[in-house]
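The values are calculated or read from the model by the stated rules, or taken from the named source; none is laboratory data. Note that the structure is predicted; figures quoted are calculated from it, not measured. So basically every Cβ, Gly included, is an ideal-geometry build from the backbone, and we count neighbours across all protein chains shown. Quick note on the areas: whole protein, heavy atoms, side chains included, nothing else; ligands and nucleic acids left out. Shrake-Rupley method; radii C 1.70, N 1.55, O 1.52, S 1.80 Å.
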Amino acid sequence: MKLNCDMGESFGSWVKGNDAQVMPFVDMANIACGFHAADPLTMDKTVKLAQASGVSIGAHPGYPDLLGFGRRDLQCSADELRSLLVYQIAALDGICRINGTAIDYVKPHGALYNRMAVDDATLDVVMQAVVDYAPRCPLVVMATPDAERLRERAAARGLTLWFEAFSDRAYDDQGRLASRSLPGAVHADCEAIERQVLQMINEGTVTSLNGVRVPIQADTLCIHGDNPLALQVVQRLRGWVQR
């Protein structure tokens, strides 16, 4: 199971995350593309950081929502959403290219990522945007009990999916991320994170906020770069999740 982290989420003089310290411990860097966070210089710096550590680079596009950090569910038409995604993916890919590399995968951010998990129409638009611009790139989606149905849906477009679990977020009874508005939705101590990750690795399940054990199988494990515990967590997890 590969470790991934949301990175490059600073903006102008506003610094977020601990990218330089976390980068050497992860396999995949999900780099913000300017709409929910980041700016061209931040994107360039983060690409260079990833290259220096031999880390795979993924586009991390979201809704155009700098004020809300991409966590507000915006209403977009299918054509608008497709264009927003292609614009962001291409922007990061362009910065990668002038640095002699390219994006390896796409992982949507925040509210868009969560909507994909419950709305097939949104998922279809995201899939099509990836196929249209970067058909060789896998799309990262939430690992849930209906993974096989999603895999078949993607295969019809010739698209590969990578399924993702979360180390530092609580789950609901359907195996999706619990709303951040709920108490306990974000794990605030390393011990809780460790318990959840070990359960995922050893049992292939996660325990929801209500105590329901939900089966999930994941290809990659996310550590949120804006979590204050990110560096501590990724250092511990690196020993359990081998490259």
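A few remarks follow.
- Residue within region 163-177 that is in contact (Cβ under 8 Å) with a residue 60 or more places away in the chain and either open to solvent by 10 Å² or more (accessible area, probe 1.4 Å) or in a helix (DSSP H, G or I) (or both) present: yes
- Conditions (1) over 17 Å from the mean Cα position of the chain (by Cα); (2) of a type outside the set (G, A, S); (3) in a helix (DSSP H, G or I): number failed by C76: (3)
- The lone exception for L67 - which of (1) part of a helix (DSSP H, G or I); (2) open to solvent by 20 Å² or more (accessible area, probe 1.4 Å) it fails: (1)
- Selection count where residues are surrounded by fewer than 16 Cβ atoms within 10 Å (Cβ to Cβ), among the hydrophobic types (A, V, I, L, M, F, W, C) and either in a loop (DSSP other than H, G, I, E, B) or in contact with a strand residue (DSSP E or B) (Cβ under 8 Å, 6 or more places away or on another chain) (or both), scope region 190-212: 2
- The set of residues from region 124-160 being farther than 21 Å from Y63 by Cα and outside any helix (DSSP H, G or I) comprises P135, R136, A143, T144, P145, D146, A156, R157, G158, L159, T160.
- From the list A90, A111, A121, A50, the one residue that fits, being among the small types (G, A, S), surrounded by 21 or more Cβ atoms within 10 Å (Cβ to Cβ) and in a helix (DSSP H, G or I), is A50.
- Filter result for G58 (closer than 14 Å to G110 by Cα, open to solvent by less than 70 Å² (accessible area, probe 1.4 Å) and either of a type outside the set (S, T, N, Q) or in contact (Cβ under 8 Å) with a residue 40 or more places away in the chain (or both)): no
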